[in-house]
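First the structure, in the form of structure tokens, and then the observations on it.
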Amino acid sequence: MTDIKRRICECDAKTIEFYRRNPCIACEQLLGIKLYDAQRYMLAESWGKPHVLWCCSRNFGKSFIGAVFMLLKAMLFENQAIYIVSKTGSQS
């Protein structure tokens, strides 16, 4: 079992609910990733929305934030179906 998975298993229900309400804190404490302010804003504003569109310039870190977003959703919520869809396999 990985260190991250072990930490999640040790959390009680209140802690998991806190992380579900605060994805930026969960990113720092569970994943050990410190985000820039703009990335924190993107993550926080996208967290509870059913549809999200990020319009950012090149080299902003869209793929990185997307990976953090999907990883947190998979860790904090049960039975998540996460799909990456693109025109070609190399893009996904």
Legend entry - Per residue accessible area in Å² of the chain, where ligands, DNA and RNA are left out and the probe is 1.4 Å: 75
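Restricting to DSSP H runs of at least four residues, report the calculated mean residue ellipticity at 222 nm for the chain, -39500 (n - 2.57) per run over all residues, nearest 500 deg cm²/dmol.
Details: 5 runs with 46 residues, N = 92.
It comes out at -14000 deg cm²/dmol, rounded to the nearest 500.
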Legend entry - Label of the coordinate-derived value, Cα Rg over 2.2 N^0.38 Å, listed as [x] 1.14; [y] 0.96; [z] 1.32: [x]
Inset, instruction - On the protein heavy atoms, probe 1.4 angstrom, tell me the percent of accessible surface of the chain carried by carbon and sulfur. - result: 55
Inset, instruction - Starting from the Cα of Ser63, step 7 Å toward the Cβ, then list every residue of the range 73-92 with an amide N under 12 Å from that point. - result: 90-92
Inset, instruction - Per residue of the range 41-46, in order, report the coupling 6.51 cos²θ - 1.76 cosθ + 1.60 (Karplus, θ = phi - 60°) as ³J(HN,Hα) in whole Hz, putting x for Gly and Pro. - result: 4, 4, 5, 5, 6, 8
Legend entry - Whole-Hz ³J(HN,Hα) from phi, Karplus 6.51 cos²θ - 1.76 cosθ + 1.60, for the range 24-37, glycine and proline x: 5, 5, 4, 4, 6, 7, 7, 9, x, 10, 9, 9, 6, 4
Legend entry - Pairwise label distance in nanometres, Glu28 with Ile16, each label 7 Å out on the Cα-Cβ vector: 2.4
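Take the Cβ-Cβ distance between Cys9 and Ser90 as r, set R0 to 30 Å, and report the resulting FRET efficiency rounded to the nearest 0.05. Can you show the working numbers first?
Details: r = 36 Å, r/R0 = 1.18.
With a Förster radius of 30 Å, E is 0.25.
Loop-only check: which chymotrypsin sites (Phe, Trp or Tyr not before Pro) in the range 32-76 are DSSP coil with at most 11 other Cβ within 10 angstrom?
Values: sites: Tyr36, Tyr41, Trp47, Trp54, Phe60, Phe64, Phe69; in loops: Tyr36, Trp47, Trp54, Phe60.
Passing both the DSSP loop test and the Cβ count: Tyr36.
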Inset, instruction - Using a 10 Å Cβ count of at most 13 others and DSSP loop calls, identify the longest part of the chain lacking such trypsin sites (Lys or Arg not before Pro). - result: 1-33
Legend entry - Spatially close lysines, pair count over the chain: Cα under 21 Å, gap of eight or more or interchain: 10
Legend entry - Equivalent ellipsoid semi-axes, the range 14-53, via Cα gyration tensor eigenvalues times 5, rooted, Å: 17, 14, 6
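The values are calculated or read from the model by the stated rules, or taken from the named source; none is laboratory data. From a predicted model like this one, the values you see are computed outputs, not experimental measurements. Glycine gets a Cβ as well: all are built from the backbone with ideal geometry, and neighbour counts include every protein chain shown. The accessibility values were calculated without ligands, DNA or RNA, using every heavy atom of the protein model including side chains. Shrake-Rupley method; radii C 1.70, N 1.55, O 1.52, S 1.80 Å.
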